[in-house]
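Colleague: I'd like to ask you about the structure that follows.
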């Protein structure tokens, strides 16, 4: 543009989308070498960079499918693995967001789930309720308690079953259901003796005449 000004011409600059780097002159009118009068206006097209295009929305897709779709639309793809409750390999976020616009050739970063994080459920069978709940809490689990009657006094107040089972893998947000024994004495068994029937006395009949 300085060259045009030094020649006494007026540069009429227009920014236009182009695959050329930004601020690169892509065309001019009149063309170079054309003779014009001093002070004439020369249109100069300057690249504003690639024309923005719509970014595909790929959240919820697998990384492989999402990356292929973005690349087909002209974008490069970056990946960031993150903790998530969603299945491993699923896209849970993207930047720029779907349906926004960005320059073709720019990068779209995909946040990809590493899968739910699991932990081993402690085996709290035959522990007291207080001890069982404390053990589970220390391992990151919550618990709920349901009582179940039992005639075995040794199980009174102890955990007789749990769900999930001990040593199973589960999400730390899982609530472990504890079934706790409550002693109920067995009913008394009383043997009832039925008395023998009392014989009915017979009256002697006089002999016939």
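The values are calculated or read from the model by the stated rules, or taken from the named source; none is laboratory data. Every value quoted in this text rests on a predicted model; they were computed, and no experiment measured them. In this analysis, Cβ positions are derived from the backbone assuming ideal geometry, glycine residues included, and neighbour counts consider all displayed protein chains.
Colleague: Only one residue in 186, 195, 201, 206 is modelled with pLDDT of 65 or more, out of contact with any strand residue (DSSP E or B) (no Cβ under 6 Å at 6 or more places or on another chain) and loosely packed, with under 10 Cβ neighbours inside 10 Å. Which one?
Modeller: Of the residues listed, the single one that is modelled with pLDDT of 65 or more, out of contact with any strand residue (DSSP E or B) (no Cβ under 6 Å at 6 or more places or on another chain) and loosely packed, with under 10 Cβ neighbours inside 10 Å is 186.
Colleague: Is at least one residue of segment 81-102 farther than 30 Å from residue 172 by Cα and in a helix (DSSP H, G or I)?
Modeller: no
Colleague: Taking the conditions exactly as written (closer than 23 Å to residue 51 by Cβ, touching a strand residue (DSSP E or B) at 6+ places or on another chain (Cβ under 6 Å) and in contact (Cβ under 8 Å) with a residue 24 or more places away in the chain), does residue 94 satisfy them or not?
Modeller: Yes; evaluated as a whole, the condition is true for this residue.
Colleague: Among all residue pairs at least 6 apart or on different chains, which show Cβ distances below 9 Å where the first residue, located in segment 1-20, is under 14 Å from residue 40 (Cα atoms) and outside the structural domain of residue 103 (by TED's automatic domain parsing) and the second is in a loop (DSSP other than H, G, I, E, B) and at pLDDT below 65?
Modeller: What qualifies is 11/1; 13/1.
Colleague: Quick check on residue 138: is it under 30 Å from residue 179 (Cα atoms), over 21 Å from the mean Cα position of the chain (by Cα), at pLDDT below 95 and exposed (fewer than 13 other Cβ atoms within 10 Å of the Cβ)?
Modeller: So residue 138 fits the description; yes.
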